[in-house]
There are 6 protein chains.
Amino acid sequence: MDLRIIKSPGEGTLAILKRRKGSGPREEIPTPDAVGLVQGKLIEMVCAADLAEKAVGVTVEDIRGSCPQNMIMLAIFGDTASVMSAMETIEKGSKAQEEW
Amino acid sequence: MDLRIIKSPGEGTLAILKRRKGSGPREEIPTPDAVGLVQGKLIEMVCAADLAEKAVGVTVEDIRGSCPQNMIMLAIFGDTASVMSAMETIEKGSKAQEEW
Amino acid sequence: MDLRIIKSPGEGTLAILKRRKGSGPREEIPTPDAVGLVQGKLIEMVCAADLAEKAVGVTVEDIRGSCPQNMIMLAIFGDTASVMSAMETIEKGSKAQEEW
Amino acid sequence: MDLRIIKSPGEGTLAILKRRKGSGPREEIPTPDAVGLVQGKLIEMVCAADLAEKAVGVTVEDIRGSCPQNMIMLAIFGDTASVMSAMETIEKGSKAQEEW
Amino acid sequence: MDLRIIKSPGEGTLAILKRRKGSGPREEIPTPDAVGLVQGKLIEMVCAADLAEKAVGVTVEDIRGSCPQNMIMLAIFGDTASVMSAMETIEKGSKAQEEW
Amino acid sequence: MDLRIIKSPGEGTLAILKRRKGSGPREEIPTPDAVGLVQGKLIEMVCAADLAEKAVGVTVEDIRGSCPQNMIMLAIFGDTASVMSAMETIEKGSKAQEEW
């Protein structure tokens with residue numbers, strides 16, 4: 001599972017993410033301070049999405065490539081501290097679940 | 001074959017699963033206590049689906065990624081004990097069938 | 001090439017298979033005693049389909065995943081003895097053809 | 001590159017191939033004595049198709065899976081001797097071109 | 001992650017890129033002096049796109065293959081010096097993020 | 001990156017290529033003396049297309065499989081000497097760029 005954080009994402013970067021979000025064009029996402037990205041197997045992404053959703057101060061979106069296959073990506077929007085905290089939770093949770 | 005259990009899944013996580021379930025928007029799934037996830041080859045998933053279907057107290061759905069390829073995912077909804085019991089049956093059955 | 005047999009397949013399992021059969025919703029398949037599943041490369045599947053078709057007492061269907069790629073799956077419906085006999089023929093035929 | 005020959009192909013096997021041929025439902029293929037199958041990379045298939053087309057007494061069709069990726073399959077229809085002769089030409093040509 | 005630079009790209013090459021750009025046919029891209037190409041995992045591409053967007057004097061487009069899977073490509077248009085500078089930033093940024 | 005040359009391509013082979021060319025059915029390609037084929041990653045194909053376009057006496061087309069993924073193929077049409085010359089340029093250019 002790959003994890004990345006983009007601080008102060010540019011407008012074009014947000015446009016790439018918004019064009020591919022799974023929920024369709026529902027309520028607008030206000031320009032975030034940071035974006036956390038998570039890429040892995042579908043089953044890992046669903047678990048990561050659940051951990052991120054339960055974290056405070058972030059919005060979670062699943063991102064599709066044109067044909068993302070087993071590679072769905074998760075984008076986590078929010079202020080920098082909240083995004084970093086959510087990403088750490090995902091990293092820890094992923095390791096815990098592998099030992100299941 | 002990968003197996004994961006999510007306890008008290010969040011609303012957003014259930015939305016990701018429901019957007020991709022193979023049966024279409026038929027009868028509503030009531031918010032479950034737990035969700036078991038199974039990811040593997042198509043042939044493994046069909047066998048796992050059959051074992052899960054014969055287990056007690058769970059609902060089985062096949063989940064599509066945008067292009068899940070040989071990677072279809074199975075979601076097993078129910079109370080925590082029933083989901084855990086179904087997941088153990090799948091894990092055992094998978095090993096038994098590999099020896100066939 | 002992977003081979004599996006499901007005895008007394010559940011209704012939900014048959015629904016997953018029927019939703020994906022390549023021939024479309026033509027004549028109905030009566031609920032079978034057993035289902036044989038075969039997964040492999042497209043070229044192996046076509047050879048297996050031919051062997052299964054020439055076997056007695058079984059119905060053969062090709063199953064698509066959402067994007068099955070080189071992974072098409074074959075489902076062989078029938079009474080338990082006929083399905084097992086057809087599956088053995090496929091297993092032997094596969095080995096013979098590899099030596100060609 | 002994988003090569004297989006099916007002698008006296010069954011009706012269902014021909015139906016699987018016809019459902020997927022790239023040329024669409026143009027002139028009917030009369031039921032052949034034999035079918036040669038060739039599976040490999042797109043670039044190998046195009047070279048094989050050219051060799052088969054220049055062979056005598058066979059009809060060549062490119063077969064698509066639902067999402068055959070770099071795996072397109074070639075079906076070569078004809079009497080048994082012509083199909084076997086075309087398949088040998090493809091096997092030899094493939095080795096010659098690898099040395100280019 | 002693969003990086004390439006094409007100097008004075010031909011008309012046909014630009015046509016291949018324009019046919020596949022993710023933003024659709026919005027404002028025209030004037031024929032550039034150079035094109036930088038970046039290919040990698042979706043998560044790497046989003047990070048590279050953000051770095052390129054913050055660089056001076058270049059336009060960034062995400063390029064889709066027909067089914068690019070986890071392989072989305074980024075095209076960076078501009079004068080030769082700006083494109084080379086942006087590509088160096090991406091190369092460095094990619095290494096820094098791997099250490100995260 | 002795979003490279004192949006077909007001399008005096010047959011009518012059926014040209015039909016397979018024409019059915020899949022990315023530019024759609026624009027101006028007709030006169031039957032060529034030779035066809036050069038190039039298969040590799042999307043980023044390699046774009047660089048090869050640029051080199052081929054700048055070569056003399058050849059026409060370049062990008063070829064799609066049904067789902068060519070990171071595998072797009074390039075077809076280079078022309079007289080035998082021009083096609084061979086363009087293919088050599090691509091082979092050399094590919095090696096030079098790998099060292100970048």
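The values are calculated or read from the model by the stated rules, or taken from the named source; none is laboratory data. Quantities reported herein were computed from a predicted structural model and do not represent experimental measurements. Positions of Cβ are generated from backbone atoms using ideal geometry, with glycine treated the same way; all protein chains shown enter the neighbour counts. Note: accessible area is taken over every heavy atom of the protein model, side chains too, but ligands, DNA and RNA are not part of it. Shrake-Rupley method; radii C 1.70, N 1.55, O 1.52, S 1.80 Å.
Burial annotation for region C:45-61: residues with an accessible-area loss of at least 30 Å² between the isolated chain and the complete set of protein chains, computed on heavy atoms with a 1.4 Å probe, are C:VAL46, C:CYS47, C:ASP50, C:GLU53, C:LYS54. Label-point spacing at E:LYS18 relative to the other copies reads 2.6, 2.6, 4.5, 4.5, 5.1 nm, in ascending order, each point sitting 7 Å out from Cα along Cα→Cβ. Total buried accessible area between A and B, probe 1.4 Å, nearest 100: 2200 Å².
Excluding ligands and nucleic acids, what accessible area in Å² is computed for A:SER8 using a 1.4 Å probe, to the nearest 10? For A:SER8, solvent-accessible area is about 80 Å². For C:THR59, the accessible surface of its heavy atoms amounts to roughly 60 Å² (probe 1.4 Å, protein chains only, rounded to the nearest 10). For region B:80-90, 3J(HN,Hα) computed residue by residue from phi via the Karplus equation (6.51, -1.76, 1.60; θ = phi - 60°) reads 4, 5, 5, 5, 5, 5, 5, 5, 5, 4, 5 Hz, glycine and proline entered as x.
Counting only protein heavy atoms and using a 1.4 Å probe, the accessible area of B:GLU53 comes to about 60 Å².
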